[in-house]
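**Student:** Handing you this structure, nothing more for now.
The values are calculated or read from the model by the stated rules, or taken from the named source; none is laboratory data. If you're wondering where the values come from, they're calculated on a predicted model, not measured in any experiment. Counting neighbours? That spans all protein chains shown, and the Cβs are built from the backbone with ideal geometry, glycine included.
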Amino acid sequence: AVKFNGYLKVRIGEAVGLQPTRWSLRHSLFRKGYQLLDPYVTISVDQVRVGQTSTKQKTNKPTYNEEFSATVTDGQQIELSVFHDTPIGYDDFVANCTLHFQDLLRSTGPSDSFEGW
């Protein structure tokens, strides 16, 4: 497997199509229709968190436009995870996506940026 060594810059633009969690449905004051989340995104490289966006209130289509940077040594994968910020206890997992550096490097040149997930 190809491992990545270098400077990683990730921009989180937006999330679309987020689905309510069991927690948000159970604790919602408004029972009709679908429920809105208080989502944030975490960025991890090989299980180590390198960034976290701000929390957006009451939306299933949050816009962040936030940028994160990290120096990576022998990196194998990036994981983006969306969580619902709950008032008490653990935050609720909503969705995630894992990207392998090997796939990103194969589709671009070493100095190129990769966009779109």
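**Student:** Working only within segment 44-62, note down all residues that are over 15 Å from LEU8 (Cβ atoms) and either in contact with a Lys or Arg (Cβ under 7 Å, 6 or more places away or on another chain) or among the basic types (Lys, Arg) (or both).
**Tutor:** Hits for segment 44-62 are LYS56, LYS58, LYS61, PRO62.
**Student:** Counting just the residues of segment 1-17 that are under 27 Å from PRO39 (Cβ atoms) and buried (at least 17 other Cβ atoms within 10 Å of the Cβ), which one comes out farthest from the chain's Cα centre (by Cα)?
**Tutor:** Here the answer is LEU8.
**Student:** While we're here: Which of the residues that make up segment 1-39 are of a type in the set (Lys, Arg) and at pLDDT 90 or above?
**Tutor:** Selection gives LYS9, ARG11.
**Student:** Out of the residues in segment 45-104 meeting the condition of being part of a loop (DSSP other than H, G, I, E, B) and of a type in the set (Lys, Arg), tell me which one is surrounded by the most Cβ atoms within 10 Å (Cβ to Cβ).
**Tutor:** LYS56
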